[in-house]
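Below is one structure; the comments refer to it alone.
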2 protein chains.
Amino acid sequence: MNENPDLRRATVHDVAREAGVSLATVDRVLNGRPGVRPVTAEKVERAIAVLDFRRDLSASLLARSRDLRLRFIIPDGSNEFMVNLGAAIARRVRPAAGERMSIETSTYRALDAAALAASIDALEPKSCDCVVVVATEDDAVHRAIDAATRRGIAVMTLVSDLPGSSRKHFIGIDNIAAGRTAGSLLGRFCAAGGEIALIAGSLALRDHRERYEGFAGLLREEFPRLSLVGPFEGHDERAETEQLVAEVLDRHPNLVGLYNVGAGNAGLIAALQRSGKSGKVRVIAHELSETTRLGLMHGVIDVILDQNPDGEIRAAIEAARGLALGRENGESRDQHPEAIEIGIFLRDNLR
Amino acid sequence: MNENPDLRRATVHDVAREAGVSLATVDRVLNGRPGVRPVTAEKVERAIAVLDFRRDLSASLLARSRDLRLRFIIPDGSNEFMVNLGAAIARRVRPAAGERMSIETSTYRALDAAALAASIDALEPKSCDCVVVVATEDDAVHRAIDAATRRGIAVMTLVSDLPGSSRKHFIGIDNIAAGRTAGSLLGRFCAAGGEIALIAGSLALRDHRERYEGFAGLLREEFPRLSLVGPFEGHDERAETEQLVAEVLDRHPNLVGLYNVGAGNAGLIAALQRSGKSGKVRVIAHELSETTRLGLMHGVIDVILDQNPDGEIRAAIEAARGLALGRENGESRDQHPEAIEIGIFLRDNLR
DNA sequence: CCAATTTTGAGGTACGTGCCTCATGACCTA
DNA sequence: TAGGTCATGAGGCACGTACCTCAAAATTGG
């Protein structure tokens, strides 16, 4: 049984009384308005700390009679994962509106870093409080993020990080751990030993590289009876991946396992089915989608590692609220958002 | 790019205008106060539907100047999972307070259905809006839940459901799917065939039974080369489970896999280590905890299926907000909370 | 049709915060 | 010391909803 000691949370009035100043001054400090001597501001800060005052976000947004404006910027195109991500965002628009958050989405041509940077630069603080971007590793993007931060827009990265920039949070999975998990599973699936092939989209992509490294490292450490073939790059293209996998299967007739760290799963599935090896080779791939779901159902794919777009979007929205609360305040009382878990799906626990 | 068509959400004022009644009448309808003719109420309901009016929960709680009161009732005792569940609740108390929700927890003696029922009966609608219980299958509990619902307290079940009662939602995993998933993994781990043992706490427990059935069914359907030994009941006791597992390992020297659907993992691990078979038998168990975490790290356990207490608590809180919004309204506009995913953990993706 | 009762309207105050104006006080500089 | 700038206080209105009172209107029963 928990009894709450302070039944009522502290309000700005309490802070004013505790600090021995007027409400107006507290307001000026809280909202970063000018005209407060450092000494006075310090008194207010102390009172805030003493009373553990936390601004009531709902009342705050109510008073401003404006919503917290959140914008997602994601790559467009046919990448099934990004489409799912967009759908996950759309799914959250209504519920978020109920909590006074308006969500907008814009897209940029996939891999077009300049376009992404331009999109970020176009944001004005008066119409956007927080932006969440699926970043590509690029200097222009890096600069755009820093500039947006300076303009007072909170920036977060999603799925793929841009460490070193002024982004407040990264929302996404640990791709090295994902690679190791795939290795751990495949190692147990193929206990008898043999060859395992690794397919990637491009090793220039940070997430693909990290998955590969985690996977290869784990096999080396724990399953010396398994030998790694590849990595091969299929550039996340259906046709190219299909041909690539067909060739690999052909050249390595005793292949026992296959790990695709990238996209292009439709091609992978087609090649496996065509070769007649479906079900005989253990297969792990990434991201739940219509395609991979079917792959699981038909027994072509054994395991899917998934980023859980819904969870990521939820975490992003929650983190945005957190940032909105602690903004402008001297102390950054932002807690890190919960880490995104790697979803592991077999045919039997498909959601 | 999404442009919001109706920039402003509808307010009670809009509803009053649309319905051609006064604000007071709208208020009476919205909050179920008496003194409104059915005809008039109908007009208001129509206006609400037309404008897609949704009460602003934050403003509502602000106006009432009281928080949404949520109570969790969970079993006490040494069950590590329940302790974790309690910790997950505690972790959410502060963040929830920031959204005007006060959370309290009470416990009852594990498996003591009468005590649970009494706890539920003791709740008054004026000090509790919503209660979340880890239910045991019992008629008295069933009745207590129905009575609470009649008193105007929303009830939800957590972890273990009580279907047929008036509980609004069940928050928990699909235990049949969990059992099937375990079977699917163990089947692939032990592709060469052999004997697999199943340990349960008690088959009288709904979740244990369901996991067992899912597991056994899947092995039968997909892995005929594997034969199931058991189920054996260890009553979720450390010592009893340890002795049980030791006996099973002794009597079945060629055992290739082991699935524990219940608790008592400390005993399981001890028995495996003592027998010298740790690492030679593939092991799947349930619930991340200090114990099972160590089991994973040391290679005694291969996979842990987890309920994700944090996710469950979060879902429960979100669902409670949803119920608070739609209460008293004629239409039940409650959407079902997201299903809880079965977490799958190996040594390599421990969170 | 009158009286009793029920239904409805009008308007106020409150919640915690944001934002505005205006007045007053303190401080500095010439 | 006068004139100016800057810091601070006092207070009000707004946001959307809850809840209250009081009066006016509509409906009902006899």
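The values are calculated or read from the model by the stated rules, or taken from the named source; none is laboratory data. Keep in mind it's a predicted model, so treat the numbers as computed, not measured. Neighbour counts are summed over all protein chains in view; Cβ atoms, including those assigned to glycine, are modelled from backbone coordinates with ideal geometry.
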Handout entry: Scan of segment A:185-228 for residues that are over 24 Å from residue A:346 (Cα atoms) and either in contact with a strand residue (DSSP E or B) (Cβ under 7 Å, 6 or more places away or on another chain) or among the polar types (S, T, N, Q) (or both), ordered by number
Key = A:202, A:203, A:227
Practice task
Examine segment A:77-88 for a residue that is within 28 Å of residue B:100 (Cβ to Cβ) and surrounded by 15 or more Cβ atoms within 10 Å (Cβ to Cβ), and state whether such a residue exists.
Solution key: yes
Practice task
Select from segment B:14-36 the residues that are over 39 Å from the mean Cα position of the chain (by Cα) and near DNA strand D (Cβ under 7 Å from one of its atoms) and list them in ascending order.
Solution key: B:23, B:24
Practice task
Look at segment B:98-111 and say how many of its residues are away from chain A (no Cβ under 13 Å) and either buried (at least 16 other Cβ atoms within 10 Å of the Cβ) or closer than 20 Å to residue B:151 by Cα (or both).
Solution key: 1
Completion exercise
Those residues of segment B:116-148 which are in a helix (DSSP H, G or I) and buried (at least 17 other Cβ atoms within 10 Å of the Cβ) amount to B:116, B:117, B:119, B:120, B:141, B:142, B:144, B:145, B:148
Practice task
List every residue pair whose Cβ atoms lie under 6 Å apart, where the two residues are 6 or more positions apart in sequence or sit on different chains, the first residue falls within segment A:24-43 and is in contact (Cβ under 8 Å) with a residue 60 or more places away in the chain, and the second residue, located anywhere, is within 12 Å of DNA strand C (Cβ to nearest atom).
Solution key: A:32/A:328
Practice task
Please work out which one of (1) at pLDDT 80 or above; (2) within 17 Å of the chain's Cα centre (by Cα) is the condition residue A:110 fails and give its number.
Solution key: (1)
Handout entry: Criterion (within 9 Å of chain B (Cβ to nearest Cβ) and within 35 Å of the chain's Cα centre (by Cα)) met by exactly one of A:75, A:95
Key = A:95
Practice task
Could you pull out the residue among A:117, A:178 that is closer than 25 Å to residue A:317 by Cβ and in contact with a His (Cβ under 8 Å, 6 or more places away or on another chain)?
Solution key: A:178
Handout entry: Residues located in segment A:237-275, provided they are outside any helix (DSSP H, G or I), of a type in the set (Ser, Thr, Tyr) and modelled with pLDDT under 95
Key = none
Practice task
Answer yes or no: is there a residue in segment B:37-53 that is within 9 Å of DNA strand C (Cβ to nearest atom), surrounded by 15 or more Cβ atoms within 10 Å (Cβ to Cβ) and of a type in the set (Ser, Thr, Tyr).
Solution key: yes
Practice task
Answer with yes or no whether residue B:161 is in the same structural domain as residue B:284 (by TED's automatic domain parsing) and without any contact (Cβ under 8 Å) to a residue 60 or more places away in the chain.
Solution key: no
Problem - Any chance residue A:89 is modelled with pLDDT of 90 or more, away from DNA strand C (no atom under 12 Å from the Cβ) and outside any helix (DSSP H, G or I) - result: no
Handout entry: Hits in segment A:208-256 - residues which are basic (Lys, Arg) and in contact with a Leu (Cβ under 7 Å, 6 or more places away or on another chain)
Key = A:209
Handout entry: Matching residues in segment A:7-60 - criterion: being among the basic types (Lys, Arg) and in a helix (DSSP H, G or I)
Key = A:17, A:28, A:43, A:46
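Scan A:203, A:218, A:185 and give me the residue that is of a type in the set (A, V, I, L, M) and touching a Gly at 6+ places or on another chain (Cβ under 7 Å).
The unique qualifying residue is A:218.
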Practice task
Evaluate segment A:55-67: report whether one residue or more is near DNA strand D (Cβ under 9 Å from one of its atoms), under 36 Å from the mean Cα position of the chain (by Cα), within 14 Å of chain B (Cβ to nearest Cβ) and touching a residue at least 12 places away in the same chain (Cβ under 8 Å).
Solution key: yes
Fill in the blank from the handout: Checked segment A:5-54 for anything within 14 Å of chain B (Cβ to nearest Cβ) and among the hydroxyl-bearing types (Ser, Thr, Tyr); matches are A:11
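Per-residue answers, yes or no, for (1) away from every other protein chain (no Cβ under 14 Å); (2) modelled with pLDDT of 95 or more:
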site: B:185; (1), (2): no, yes
site: B:191; (1), (2): no, no
site: B:209; (1), (2): yes, no
site: B:216; (1), (2): no, yes
site: B:222; (1), (2): no, no
site: B:227; (1), (2): yes, no
site: B:234; (1), (2): yes, no
Exercise for the section: Hey, could you check segment A:163-183 for residues that are aliphatic (A, V, I, L, M) and more than 15 Å from residue A:302 (Cβ to Cβ) and say which is nearest to the other protein chains (Cβ to nearest Cβ)? Expected result: A:177
